[in-house]
Amino acid sequence: MIANLGLGILLVTFIVTVYSAVTAAASNPKGLARLLRSLPSLRAKRFADELEKLETPQRAASMAESARRAMLLTFPLLTITSLLLIYLLVNDHYEVQFVYEVTSRSMPTYLKITAWWGGQAGSLLFWSWLMSAFASLVTLRKWDRDREFLPWVIFVSCVTLAFFVGMTAFFENPFRVFYQTETGVEAHFFQPANSTPFTPEDGRGLNPLLRHPGMIIHPPLLYLGFVSYVIPFAFAIAALITGRTDDRWIRLTRRWSLWAWLFLTFGLVLGGRWAYDVLGWGGYWGWDPVEIAAFMPWLTGTAFLHSVMIQEKRGMLKHWNMLLIILTYDLVIFGTFLTRSGVLSSVHAFAQSAIGPLFFIYIAITLIVSVALVIYRWGELKSETEMNSLLSREALFLFNNLLFMSILVVCFWGVIYPLTSELFTGSKVTVGPAFYERANGPLFAGLMFLMGIAPLSAWGHSTVKTLGRAMWLPTVAAVLVTIAIFVTYTHNVYALIGFFLVAFVILITLYEYWRGSRARMKIHSENIFTAFWNLTARDRRRYGGYIVHISMMLMAIGILGIELFQMETQGTLEVGQQKSIGGYDVVYKDIARFTGPDGREVTRAVLSIYRGQEYLGDLHPRIDYYWDSQQSMTIPGQRATMKDDLYILLVNWEPAAATGATFKIYVNPLVNWLWMGSLLFLIGIIIAAWPDKDPERIAVRAGRRARQASAAD
Amino acid sequence: MTETTPSRRAVPLWIQIVIWVFLAGLLALVALGLSRRQQGTVQPGEVIDDFSLTFYSGYELDGKTEIKFSDLRGKVVVLNFWASWCKPCEQEAADLQQAWTEYAPTGEVVFLGVDYVDTEADARVYLKKFGITYANGADLATRISQYFRIKGVPETYFVDKEGVLRYVQIGPFSDVDQIREQIDLLLK
Amino acid sequence: MKAMIRAGKIRNSKYAVFLLILLLISSILVFNSSVSAQGPAPTDDDVNKIAKKLFCPVCENTPLDVCPTEACRQWREQIRQMLIEGKTEDEIIQYFIDTYGVRASGDPPNKIASYLIPVTAILLGTALLLRALQMWKKPKAAESTVPAGEAKQVHQDEYFNKLEDELKKRK
């Protein structure tokens, strides 16, 4: 019953999204007519004339309004659908295939709810739900200044939404119900003839890897990031179609892209933390295709974040920004596809469903149409000013974009290479982390270097002299820091280069802060704290951005630490025996096997940690075996300090065998800086992205001024 | 606002061509790659290409340590992919062996065990444990499994006397009758 | 029902690793073999050092040293045996590639194709960017730029001007 209701509402939602998209497009016949004119056919031109006659202001307004309301309707509809699914999940309705696949009786209620995004069908619904929420938010804003954008923003959002809702409704429907037929148990929407309903006793249970708190909020954050990038894309397409190709669309979506970036970045970091805590391989990032799929839109998104500033300040790079946001959008769809379908990560999990080809066709169509639009508007997207100096900030931002794109190329190639190799040579290959690290290492170093000098260079013009004057002091300090590290910590060349760059960026950024504050102190006779505060408040995007830069450097410390200095050892210990690594002595004390709260079998070891004579505490690595899904998880015992993490895995223990237990022990230096950095990142990005009181008016005024200023100089 | 009307300068044709060719190439590459990954196993009706299989000593076929698949024309071939680490394989191991003992005397049927991603030592323990006597060998460099595009183990392929694939069993057999049924169809 | 269970077949078999009996047998085997071997037995660390560079097709993209499946455990045992036999790291990796196909190695076999294409793409991008910069940086642009700091020398602190300029532009 409830499953049928859910199915019904899902179908209605699909119709509503299609209606909204069609109406939105039809409300602006002039826009369509203009596009038609560009086609070489005469008939298209005549048809365009007819279309233009259709447009009357009233009709346009009422149709756009109708489309807007239809779009607003999708959110409550999808909310009801989702609530119905959650109801089924929470109440053990195992006759529903999706519920059977992702829950079991022993799971606590909160996990049954989060199982919503634990399987393919549910996560597509979740994606659609978030998308409709964001689309609704956008249409709720005041539109009076940007009437012409509205229909096309609705159009793009609804096409995207229709695609995902359609996918959920027709191909990956979470509301299929089991029926016992002559040939066996099958899942159907409606009861087939000669069949009886069938309810399994218990479900298969959620994949234990997804039962971790990190996994509960990692997918939603990642999806939030994915979904919010649809909005800037929608505005970009609206700008292309309407021909209003100034930087209005960028100003309108600036905060959207900042929030999208916030969610995406934090989603990625949380994914790393989850891997560190759950996957039991001592690391946080393995260059797995699924991870890279989420990383690629981040790369283009970050490049976009920087290059839009050039367009705002200097009126340049309009084509490039369009291409970047288009790329980001399609990588978001591609990422959703890869993370969900498992087409690359594992052949085994991938059933032959229609969703793969459909995703691909959708990506191909959107990519081709968007690129065609950019080419069509090419002339109107011309730069308004010239590039003056290779050391100007805009030039440095361009190099930054180049590096981000290069990393994208490496990642994309790494993901796609096994596919092509299989195609041409017939044999499968593996692209391991070594490839990515080798190829991306220098690129990341380049990015860090740019992060250091770009804030010091001025828009329009900088010379070696002005730059040198600004940075000699921090550079000398960074060299001193590096020498200190050389003497006390490491002689590893890569590490020294890395640490030098980290010090370089942090010191320059702090120096910038200090000079800004000092200038304010002089002119406004403020004390240092007020000056610092006001400086940040006056230009939150800039100084929030600096905090983000510093946070990235803290993360870089963690990454350098674990990548270059990780130590590991493995061995079988008997009770009372010890193993030493990285200054720690680990003594195996005890082990026990018992049944955990949700029916899992827990094998938990106790190890005492010493440094020399000093007792530092006990660690409890364990293996959880889940009977319902017949999978096990290896949960490490961790002791985290800013210097290093001691990370112990229980590899193997047999109660019957008297051979002791096998442990794998890692020392992960500096990795905590990574997590600390991510918290600072959150602060920085919130400072930059927090809505102004009246973002609209300020943005317009600022835009006009900036343009006047740049026209003047 | 400097709303200068920019000169409508279109993209040069050659650049447009380059862009579209590049885009089409990229999409085609991804499409081909994905579609290959999406393909199921080799389908019934296809003629199986030749491949060679080297047997574990003690598990040879008629005393030969290595055979070419084409040598088996005129016989019904039951090709079973398995591995010693594979639990579901154990379910069907005894059934396969029983079917083999039934059909071996006819001389018209050949059973081939193809050991997928396994070490020989473990494979021998497994073969001994289930008393398997039909020919078995390792899937060297996973060439055979890649040709058949197997999705996992166990999978069993029934090839008729003309070398045409007739039936694919994915997952373990539930009983020996299932195996008999397929072989009898091909012997007719 | 069968169909559904089938879908989970591989998963189950992957994680069947932890089924106790097999592990028991294997650990005893390990114990015996290492005891009977001559010379110092290879440690787990020696095995993992090589395993890090290998990937088992059963669990794609998970390095062998951390992969928990039974198949991977067998592979690690194979490495240990080969170490006992005195094989070098390169020999062992080559053996795995020969026996299980090129995908057993984490490094793509065709180095040229795997590195050349991204490197070419990046170089091409750099060339394009430099060309674009050259086009933008036309000589006529030279006369239009006077650094903001030098234009107004009212205050001594040139930086301060720039800063306030920037701040004004923004708000």
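This table checks each residue for (1) touching a Phe, Trp or Tyr at 6+ places or on another chain (Cβ under 8 Å); (2) in a helix (DSSP H, G or I); (3) away from chain C (no Cβ under 11 Å); (4) crowded, with 22+ Cβ neighbours inside 10 Å.
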site	(1), (2), (3), (4)
A:Phe412	no, yes, no, no
A:Glu422	no, yes, no, no
A:Ser462	no, no, no, yes
A:Arg469	no, yes, no, no
A:Val476	no, yes, yes, no
A:Ile485	yes, yes, yes, no
A:His491	no, no, yes, no
A:Leu496	yes, yes, yes, no
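Taking (1) more than 30 Å from A:Ser370 (Cα to Cα); (2) in a loop (DSSP other than H, G, I, E, B) in turn, B:Val11 satisfies each apart from (1). Just a yes or no: is a residue in the range A:151-164 farther than 22 Å from A:Leu252 by Cα and of a type outside the set (A, V, I, L, M)? Yes, the range A:151-164 contains at least one residue that is farther than 22 Å from A:Leu252 by Cα and of a type outside the set (A, V, I, L, M). Taking the listed residues B:Phe55, B:Phe22, B:Phe81, B:Phe51, the one that is within 14 Å of chain A (Cβ to nearest Cβ), more than 25 Å from B:Gln178 (Cβ to Cβ) and touching a residue at least 40 places away in the same chain (Cβ under 8 Å) is B:Phe51, with no other qualifying. Only one entry in C:Val102, C:Val47 is within 9 Å of chain A (Cβ to nearest Cβ) and modelled with pLDDT of 90 or more, namely C:Val47.
One line per residue, one yes/no per condition, for (1) at pLDDT below 60; (2) under 27 Å from A:Asp247 (Cβ atoms); (3) within 14 Å of chain C (Cβ to nearest Cβ):
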position	(1), (2), (3)
A:Met322	no, yes, no
A:Ile325	no, yes, no
A:Leu331	no, yes, no
A:Thr336	no, no, no
A:Thr339	no, no, yes
A:Gly342	yes, no, yes
A:Val347	yes, no, yes
A:Gln352	yes, no, yes
A:Leu358	no, no, no
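For A:Ala605, the conditions (1) at positive phi; (2) buried (at least 16 other Cβ atoms within 10 Å of the Cβ) all hold with the exception of (1). Listed conditions (1) more than 10 Å from chain C (Cβ to nearest Cβ); (2) in contact with a Phe, Trp or Tyr (Cβ under 9 Å, 6 or more places away or on another chain); (3) not in a helix (DSSP H, G or I) are all met by A:Tyr436, apart from (3). Looking across the range A:182-209 at every residue that is surrounded by fewer than 16 Cβ atoms within 10 Å (Cβ to Cβ) and among the hydroxyl-bearing types (Ser, Thr, Tyr), the one that is nearest to A:Val99 (Cα to Cα) is identified as A:Thr199. One residue stands out in the range A:136-159 among those that are modelled with pLDDT of 90 or more and more than 19 Å from A:Asn28 (Cα to Cα): the one that is surrounded by the most Cβ atoms within 10 Å (Cβ to Cβ), namely A:Ser136. Can you pull out every residue in the range B:48-67 that is surrounded by 18 or more Cβ atoms within 10 Å (Cβ to Cβ) and part of a loop (DSSP other than H, G, I, E, B)? Result: B:Ile48, B:Tyr59. Take the range A:57-105 and flag every residue that is within 14 Å of another protein chain (Cβ to nearest Cβ) and not small (Gly, Ala, Ser). The answer is A:Tyr94, A:Glu95, A:Val96, A:Gln97, A:Phe98, A:Val99, A:Tyr100, A:Glu101, A:Val102. If the condition is being facing chain C (nearest Cβ under 10 Å) and outside any helix (DSSP H, G or I), then the range A:288-320 contributes A:Asp288, A:Met316, A:Leu317.
Looking across A:Phe504, A:Phe444, A:Phe500, one residue alone is at pLDDT 90 or above, part of a helix (DSSP H, G or I), of a type in the set (Phe, Trp, Tyr) and touching a Gly at 6+ places or on another chain (Cβ under 7 Å). It is A:Phe504. Within the bounds of the range A:369-390, is there any residue that is closer than 29 Å to A:Gly267 by Cα, at pLDDT below 90 and either surrounded by fewer than 20 Cβ atoms within 10 Å (Cβ to Cβ) or facing another protein chain (nearest Cβ under 8 Å) (or both)? Looking for residues that are closer than 29 Å to A:Gly267 by Cα, at pLDDT below 90 and either surrounded by fewer than 20 Cβ atoms within 10 Å (Cβ to Cβ) or facing another protein chain (nearest Cβ under 8 Å) (or both), one finds none in the range A:369-390, hence no. Restricting C:Lys111, C:Lys87, C:Lys140 to those that are within 43 Å of the chain's Cα centre (by Cα), surrounded by fewer than 11 Cβ atoms within 10 Å (Cβ to Cβ) and either modelled with pLDDT under 60 or more than 7 Å from chain A (Cβ to nearest Cβ) (or both) reduces the list to C:Lys111. Answer yes or no as to whether B:Ala123 is in contact (Cβ under 8 Å) with a residue 12 or more places away in the chain, surrounded by 15 or more Cβ atoms within 10 Å (Cβ to Cβ) and either of a type in the set (Gly, Ala, Ser) or not in a helix (DSSP H, G or I) (or both). Yes: the conditions hold for B:Ala123. Picking from residues in the range A:644-669 that are of a type in the set (D, E, K, R) and at pLDDT 90 or above, the one that is farthest from A:Gly599 (Cα to Cα) is A:Asp644.
Inclusion of A:Gly583 among residues that are buried (at least 16 other Cβ atoms within 10 Å of the Cβ) and small (Gly, Ala, Ser) is not warranted.
The values are calculated or read from the model by the stated rules, or taken from the named source; none is laboratory data. Values in this document were obtained by computation on a predicted structure and should not be read as measured data. Every residue, glycine as well, gets a Cβ built from its backbone with ideal geometry; the counts of neighbours run over all protein chains shown.
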